[in-house]
1. Using R₀ = 35 Å, calculate the FRET efficiency as 1/(1 + (r/R₀)^6) where r is the Cβ-Cβ separation of GLU68 and SER89; round to 0.05.
2. Taking the structure as given and computing Rg and Dmax of the Cα atoms in Å, which label from [x] 25.1, 86; [y] 13.4, 42; [z] 11.7, 36 fits?
3. Using Cα atoms only, what is the angle between the long axis of helix 60-69 and the major principal axis of the chain, expressed in degrees (0 to 90) to the nearest 10?
4. Return the FRET efficiency for the residue pair ARG57, ASP11: r is the Cβ-Cβ distance, R0 is 25 Å, and the value is rounded to the nearest 0.05.
5. Relative contact order of the chain: what whole-number percent is it, with Cα pairs under 8 angstrom and at least 6 residues apart?
Amino acid sequence: MNVRRIVLDVDKSLNRPTLMELASAIESVQGVEALNISVNEIDMETMGTVISIEGTRINVDQLISTIEDTGSVVHSIDELATGSRIIPSVKTRL
């Protein structure tokens, strides 16, 4: 399957890995061409992030394993785009 975009809900320790270390680890994954890490929550010990990744044929198993190897925790896959192109996100009412 040609995974083109994946958005992950990830928690990490406040101190390690740093955002730069986490980004560097993710960039090493096969198929990753670009990524964005947004901090959405901070508490006493952890930092909640949303990580958006785009590329071609992203190796999802390697991606999750690499993130977990940094000591971070993948809570969920919040968006997934596959195929020969990316469909722009559409806002829907709930």
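We did not get these values from a lab; they are worked out from the coordinates using the rules stated. None of these values were measured; they are calculated from a predicted model. Cβ placement follows ideal geometry from the backbone for every residue including glycine, while neighbour counts extend to all protein chains displayed.
1. Here the calculated transfer efficiency is 0.85.
2. Here the calculated entry is [y].
3. On a 0 to 90 degree scale, this one is about 10.
4. Working: r = 27 Å, r/R0 = 1.07.
According to the calculation, E is roughly 0.40.
5. Details: 184 pairs, mean separation 42.8, N = 94.
Computed over the chain, the figure is 45 percent.
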